[in-house]
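Below you'll find the structure, written out as structure tokens, and then a few comments.
The values are calculated or read from the model by the stated rules, or taken from the named source; none is laboratory data. In this text the structure is predicted, and so the values were computed from the model without any measurement. All Cβ positions, glycine included, derive from the backbone under ideal geometry; neighbour counts span all protein chains shown.
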Amino acid sequence: MGAVPIAYTGSVCARRDCSRPEWKDGLCGRCWRLAKLFGREPLMFAYEPLNGYADARDTVAFPWAELERRAAARGVSLSDLLAEPPDPAAPA
């Protein structure tokens with residue numbers, strides 16, 4: 001009897017090269033815990049490639065439309081949204 005492959009449906013981790021299913025804040029469980037371990041904001045940690053950068057010019061595109069929607073929903077500018085420290089009351 002052959003093995004049945006597991007197929008994930010739904011969103012995957014936002015971190016480049018990570019194909020695990022999304023768990024929290026756009027990241028999978030492993031990437032989210034790694035971000036918290038190093039005291040990083042998960043939203044910003046998602047843009048660090050899983051396998052590192054290829055060279056000095058390697059970068060990833062930010063989802064500006066999503067960030068602008070979040071800023072508008074809070075009534076702040078985009079730069080203020082990105083400069084905000086993480087909410088200490090948010091669940092870890």
Query raised in the report: If ARG33 passes every condition in (1) at pLDDT 90 or above; (2) in contact with a strand residue (DSSP E or B) (Cβ under 8 Å, 6 or more places away or on another chain) but one, which one does it miss?
Result: (2)
Query raised in the report: Of the residues that sit in the stretch 79-92 and are assigned to a helix (DSSP H, G or I) and of a type outside the set (Gly, Ala, Ser), which one is modelled with the highest pLDDT?
Result: ASP80
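Hey, does the stretch 68-78 have a residue that's modelled with pLDDT of 80 or more, within 15 Å of the chain's Cα centre (by Cα) and more than 25 Å from ILE6 (Cβ to Cβ)?
Within the stretch 68-78 (the criterion being modelled with pLDDT of 80 or more, within 15 Å of the chain's Cα centre (by Cα) and more than 25 Å from ILE6 (Cβ to Cβ)), the answer is yes, since at least one residue qualifies.
Of all residues in the stretch 17-39, which are among the acidic types (Asp, Glu) and exposed (fewer than 14 other Cβ atoms within 10 Å of the Cβ)? Quick ask: steps written out before the conclusion?
Step one: list which residues in the stretch 17-39 are among the acidic types (Asp, Glu), which gives 17, 22, 25.
Result: ASP17, single match.
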Query raised in the report: Taking the stated definitions as given, is ARG57 basic (Lys, Arg) and modelled with pLDDT of 80 or more?
Result: no
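Would the stretch 25-36 turn up any residue that is part of a helix (DSSP H, G or I), within 15 Å of the chain's Cα centre (by Cα), within 25 Å of THR9 (Cβ to Cβ) and among the aromatic types (Phe, Trp, Tyr)?
Our first condition is that a residue be part of a helix (DSSP H, G or I); within the stretch 25-36, this holds for 29-36.
Now drop any that are not within 15 Å of the chain's Cα centre (by Cα), which leaves 29-36.
Narrowing the set further to residues that are within 25 Å of THR9 (Cβ to Cβ) leaves 29-35.
Filter once more, so that each one left must be among the aromatic types (Phe, Trp, Tyr): 32.
Looking through the stretch 25-36, at least one residue is part of a helix (DSSP H, G or I), within 15 Å of the chain's Cα centre (by Cα), within 25 Å of THR9 (Cβ to Cβ) and among the aromatic types (Phe, Trp, Tyr).
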Requested in this report: Would you mention how many residues in the stretch 40-63 are without any contact (Cβ under 8 Å) to a residue 12 or more places away in the chain, surrounded by fewer than 12 Cβ atoms within 10 Å (Cβ to Cβ) and on the phi < 0 side of the Ramachandran plot?
Outcome: 7
Report task. Please state which of the following conditions GLY29 fails to meet, knowing it meets all the rest: (1) within 22 Å of ALA83 (Cβ to Cβ); (2) in contact with a Phe, Trp or Tyr (Cβ under 6 Å, 6 or more places away or on another chain); (3) of a type outside the set (Lys, Arg). Result -> (1)
